[in-house]
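Coordinate-derived values only; no laboratory data. This is a predicted model, so every value here is computed, not measured. Backbone-built Cβ (ideal geometry, glycine too); neighbour counts: all protein chains shown.
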Amino acid sequence: MKSIVTTIAAALLTTAFAVSADAASTKKKGTAMTAKQQACVEQAKKKYSAVHFLKRRAAEKKCMGTA
């Protein structure tokens, strides 16, 4: 029983470190994309209120060129 708990704990720690390392490398690569996305979010906020969240999301996607 102790070996199962130890194995699970080790797996969780390994996964946590792998995810944090992946997030750090992604942050370095996506700075330009993040800047554009933030600009699109700001434009959508100006155009649509919080009530129209679907229209806001559609405007963000259109600005990013994914729609």
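Observations on the structure shown:
- The string of couplings for segment 36-48 from the Karplus curve (6.51, -1.76, 1.60, θ = phi - 60°) is 5, 4, 5, 5, 5, 5, 5, 5, 5, 5, 5, 7, 10 Hz, one whole number per residue in order, with x for Gly and Pro.
- Between H52 and any residue 5 or more places off or on another chain, the built amide H atoms are never under 5 Å apart.
- Modelled FRET efficiency - R0 30 Å, F53 with A10, Cβ distances, 0.05 increments: 0.15
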